[in-house]
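A quick write-up on the structure given underneath.
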Amino acid sequence: MAGNVEKYQSPGKGNGLRAARDFAIGELVTSAEPLVYTTCRGKNSAASVCDHCVCRSEKLLRCSQCKFARYCNSLCQKKAWKDHKRECLCLKSIFPNVPTDSVRLVARIIFKLLEEPNCTSGELYSINDLQSHFKELNEDMKEGLGHLAATLEQYLKKEIPDSSKLPPGFQTLEYFCKLTCNSFTISDGEMQDVGVGLYPSLSLLNHSCDPNCVIVFEGTRLHLRSAKKIPKGEELFISYIDVKMPSHMRQMQCQRQYCFTCDCSRCVSKDKDEDMLSGNEEASREMEHSLTKLEELRSQNNLKEALALCKELIKTSKLPNKNIHHLKALDFAMDLCIHLEIWEEALQFSLQTLGPYSLYYSNYHPVRAVQIMKVGKLQLHLGKFPEAMITLKQAFEIMKVTHGRDHGLTQNLLKLLGECEMEMKTT
């Protein structure tokens with residue numbers, strides 16, 4: 001990290017990070033491993049994620065003691081034991097109940113501080129320096145944090161029977177707030193959430209809805225990459241949220257979760273707000289409401305019923321593809337078709353998403369790269385080799401910037417391009 005970035009006081013934003021040298025588009029600015037992390041067990045497919053390396057697998061070994069943690073193999077289990085040892089006893093004591101991700105992560109912070117009291121110092125920022133914004137929360141939010149603190153107390157009973165055994169000066173509510181404002185969601189190659197981690201020094205990065213950097217993960221390692229040309233001394237920005245939302249929704253999320261109001265150029269100009277909510281206003285609201293029902297059906301694994309409803313909504317809403325609620329329905333339909341192995345329909349739905357994704361995500365955005373790659377994989381699977389070659393090359397042009405050529409996903413994409421080229425030569 002040293003030599004590439006430096007901490008400084010950002011005007012109107014407090015602490016920030018700025019470039020300590022010039023960066024071209026697509027350079028690795030810095031990377032880091034988390035101080036602590038945990039898998040997102042509350043997600044639909046979290047049980048298929050290794051608790052050590054966060055890789056997906058359908059065949060994971062389960063911890064024989066807590067019956068909760070899962071690992072790729074005995075090597076991952078052995079490497080995880082240092083962090084899992086005390087957690088294991090706590091999980092075992094409350095089995096079959098499962099604490100929330102945030103409760104498990106705060107517990108891991110506590111165990112870390114007890115075992116390594118000097119681990120708080122980051123290269124540029126420490127865990128003690130992280131802002132909590134606790135005083136700015138409303139009473140309902142504070143009450144919710146109180147419930148989490150009570151849950152944590154019960155969860156830790158086996159290892160920490162009373163507050164006198166906590167790290168010196170540890171304030172539980174403050175740390176729950178610190179996680180809310182400073183943790184990073186760890187995603188896999190398909191940009192699906194697999195975990196939550198704390199990377200103290202990179203918490204200095206401020207937000208913009210039009211950022212000059214992007215974050216991707218390889219396992220638990222966070223990579224910060226330049227998405228624009230960045231001169232020395234310019235502040236480094238990432239987006240804390242999904243920018244595929246109108247400015248008022250982005251503002252609400254930034255205020256609710258991070259306690260600030262975004263004043264970036266996109267929010268000031270309300271850039272693309274009309275596009276995002278285009279079409280009949282009532283139909284748009286109805287589609288937004290119906291997406292909740294689709295989520296419920298998918299979570300209950302009623303995939304065929306969910307797909308039938310999704311197709312009906314898409315057919316009857318008559319909303320343009322760029323309407324964000326209609327776009328979400330198209331994404332739903334594509335994913336459901338893929339799970340049900342209805343490949344032709346999956347491709348048709350996916351092709352309709354490419355225009356809006358290009359509109360709402362900058363030229364170099366990892367989400368756009370992954371979406372284009374999905375389309376190319378479908379075309380390749382269906383034997384549409386010339387189309388697949390064009391699409392996969394488009395994905396590569398973005399991914400070599402957002403992920404870098406050495407990233408595992410980029411390497412997989414290059415293999416697909418090679419496979420497509422071979423197929424074209426033999427047909």
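Of note:
- The calculated pair-distance distribution of segment 1-89 uses every alpha carbon pair, bins of 5 angstrom beginning at 0, and gives 3, 11, 17, 15, 11, 7, 11, 13, 9, 3, 0 percent.
- Diffusion constant of the chain at 4 °C, which comes from Stokes-Einstein with the Kirkwood Cα-pair radius and 1.567 mPa s, µm²/s: 55 µm²/s
- Share of carbon and sulfur in the accessible area of the chain stands at 50%, probe radius 1.4 Å.
- Taking each DSSP H run with n ≥ 4 as -39500 (n - 2.57) and averaging over every residue of the chain yields -15500 deg cm²/dmol at 222 nm.
- Shape call, segment 339-427: gyration tensor on alpha carbons, a/c limit 1.5: oblate
- For segment 144-152, 3J(HN,Hα) computed residue by residue from phi via the Karplus equation (6.51, -1.76, 1.60; θ = phi - 60°) reads x, 5, x, 5, 5, 5, 5, 5, 4 Hz, glycine and proline entered as x.
- Spin-label model, L340 to V268: label points 7 Å out along the Cα-to-beta-carbon direction sit 4.8 nm apart.
- Zero-based 5 Å bins, Cα pair distances in segment 219-258, whole percents: 5, 16, 21, 16, 19, 19, 4
- Surface exposure of the chain, expressed per residue as accessible area with a 1.4 Å probe, stands at 49 Å².
- Shape of segment 279-361, Cα gyration tensor, a/c cut at 1.5: oblate
- Ratio Rg/Rh [Cα only; Rh per Kirkwood] for segment 17-151: 1.02
- Sum of side-chain charges, Q9 neighbourhood, beta-carbon under 15 Å (Lys, Arg +1; Asp, Glu -1): -1
- Annotation: K270 carries an accessible surface of approximately 120 Å², with a 1.4 Å probe and no ligand, DNA or RNA atoms counted.
The values are calculated or read from the model by the stated rules, or taken from the named source; none is laboratory data. The model shown is predicted, which means the values in this text are computed figures rather than measured ones. In this analysis, Cβ positions are derived from the backbone assuming ideal geometry, glycine residues included, and neighbour counts consider all displayed protein chains. Ligands, DNA and RNA are excluded from the accessible area calculation, which covers all protein heavy atoms including side chains. Shrake-Rupley method; radii C 1.70, N 1.55, O 1.52, S 1.80 Å.
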